[in-house]
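Heads up: the structure comes next, in structure tokens.
The values are calculated or read from the model by the stated rules, or taken from the named source; none is laboratory data. Keep in mind it's a predicted model, so treat the numbers as computed, not measured. Counting neighbours? That spans all protein chains shown, and the Cβs are built from the backbone with ideal geometry, glycine included. Surface accessibility is based on the protein's heavy atoms, side chains included, excluding ligands, DNA and RNA. Shrake-Rupley method; radii C 1.70, N 1.55, O 1.52, S 1.80 Å.
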Amino acid sequence: DAMEIKEALEAESQSVQDLCNVYQETIVYVHVKAPPAVTEKMAQRWKEELANRRQYLSYLQSLQEDISVSMHKIQTERETFVADLKELEAMVGGRSSVPKEHVYPKFE
């Protein structure tokens, strides 16, 4: 179901966003305080990991947007379809035959 996928993406995005915040805070702390236990190689690795997580977050957000747009399009098409069916049902009613000029344009 699209709603479940959307909710899962939102949860994953929030989790990755939180992780990015932790990386950012850690990198800033290392830059400001320069703790002796942290090597330059470690700090560089964390920066690369942060960049990777941000790329992943960007991808998740893009997927979220695509799903939202698709869900909106599907809902709009569904509403149009239901309205057309109701109109067709009202037109046909209990009649046994209806001119094709009235019915076929509804399916184009």
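Summary of computed values
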read-out: Search result, residues across the range 10-49 that are of a type in the set (A, V, I, L, M, F, W, C), under 26 Å from Asp66 (Cβ atoms) and in contact with a helix residue (DSSP H, G or I) (Cβ under 9 Å, 6 or more places away or on another chain); value: Val16, Leu19, Cys20
read-out: Any hit, the range 80-102, residues being under 30 Å from Ser13 (Cβ atoms), under 24 Å from the mean Cα position of the chain (by Cα) and either of a type in the set (A, V, I, L, M) or open to solvent by less than 90 Å² (accessible area, probe 1.4 Å) (or both); value: no
read-out: Considering residues of the range 36-57 that are of a type in the set (A, V, I, L, M) and assigned to a helix (DSSP H, G or I) only, the residue nearest to Ser15 (Cα to Cα); value: Leu57
read-out: Unique match (being among the charged types (D, E, K, R), in a helix (DSSP H, G or I) and either loosely packed, with under 10 Cβ neighbours inside 10 Å or touching a residue at least 40 places away in the same chain (Cβ under 8 Å) (or both)) among Glu12, Glu7; value: Glu12
read-out: Conditions (1) touching an Asp or Glu at 6+ places or on another chain (Cβ under 9 Å); (2) not in a helix (DSSP H, G or I); number of the one not met by Leu60; value: (2)
read-out: Residue match in the range 48-58 (condition: farther than 30 Å from Glu4 by Cα, open to solvent by 90 Å² or more (accessible area, probe 1.4 Å), of a type outside the set (A, V, I, L, M, F, W, C) and out of contact with any Leu (no Cβ under 8 Å at 6 or more places or on another chain)); value: yes
